[in-house]
1. Run the simple label-point estimate for Arg139 and Ile15 please: 7 Å along Cα→C-beta, distance reported in nm.
2. Efficiency by 1/(1 + (r/R0)^6): what FRET value for Ser54 and Asp24, r their Cβ-Cβ distance, R0 = 25 Å, to the nearest 0.05?
3. Run the reach check for Lys82 against lysines, Cα to Cα strictly under 19 Å, same-chain hits fewer than 8 apart removed. What comes back?
4. Mind running the shape call on segment 96-162? Use the C-alpha gyration tensor, a ≥ b ≥ c as the square roots of the eigenvalues: rounded below 1.5 for a/c, prolate if a/b tops b/c, oblate otherwise.
5. How much of the accessible area of the chain, probe 1.4 Å, is carbon plus sulfur, in whole percent?
6. Work out how much length Arg76 to Met31 would gain on full extension: take 0.36 nm times their residue separation and subtract the Cα-Cα distance, in nm to one decimal.
7. Would you mind putting 80-86, 149-155, 102-108, 3-9 in packing order, based on average other-beta-carbon counts within 10 Å, highest first?
8. Quick check for you: which residues of segment 53-70 have the amide N under 19 Å from the point 7 Å beyond the Cα of Ser96 toward its beta carbon?
Amino acid sequence: MTISDLPDFPIIKQIRDALWNTGDIRGAAVMVGSGFSRYALLNDPSIPAPPLWSDFSSKMEQQLYPEGGAPSDPLRLAQEYKAELGGPALDGLIQSLILDGKWEPSALHSSLLSLPWADVLTTNWDTLLERTLLSETERTYDIVRTTGDISRTRAPRIVKLH
């Protein structure tokens with residue numbers, strides 16, 4: 001079987017054309033979530049891997065629902081956590097689990113940012129993508145951290161959706 005035999009091959013071609021600007025489409029964007037951060041380099045085996053939603057949910061459940069019965073939706077759980085304990089508590093939880101300075105971007109981060117994306121959208125709190133830009137890539141991306149940054153930046157961009 002070759003790639004052209006895949007049922008979704010026409011869509012794959014459309015994404016390819018958008019990415020490399022060979023068609024009528026402006027460009028392709030990519031969405032990066034917490035699983036991508038798990039490819040970070042950990043220079044010390046005692047350093048925990050970047051967390052997933054389940055790690056955040058577990059911590060919030062321990063505090064809000066020690067007897068069980070927590071909602072299964074992590075976003076709803078985060079809203080309840082913030083409502084019950086306040087925004088600073090949620091920020092503190094995020095900071096306790098995101099050990100950003102202890103992780104380093106990997107070759108996978110460099111490979112991703114070497115492609116000609118129109119935008120890279122991410123829900124990640126870490127700065128692995130931004131730090132990749134400083135050391136590994138030839139492309140320049142503007143960073144969007146707040147809604148006010150949208151009007152001041154141009155593609156390609158890394159858009160921090162949080």
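The values are calculated or read from the model by the stated rules, or taken from the named source; none is laboratory data. Computed from a predicted structure; not experimentally measured. Note: ideal-geometry Cβ built from the backbone for every residue, glycine included; neighbour counts use all protein chains shown. In case anyone asks, the SASA skips ligands and DNA or RNA and just uses the protein heavy atoms, side chains included. Shrake-Rupley method; radii C 1.70, N 1.55, O 1.52, S 1.80 Å.
1. 1.5 nm
2. So the FRET efficiency works out to roughly 0.05.
3. Lys59
4. Oblate, because a/c is 1.5 or more while a/b does not exceed b/c.
5. Within the chain, the accessible surface is 54 percent carbon and sulfur.
6. Values: separation 45, 0.36 × 45 = 16.20 nm, distance 2.16 nm.
Difference between extended and current length: 14.0 nm.
7. The peptides rank, most packed first, as 102-108, 80-86, 149-155, 3-9.
8. Only 53-68, 70 pass the distance filter.
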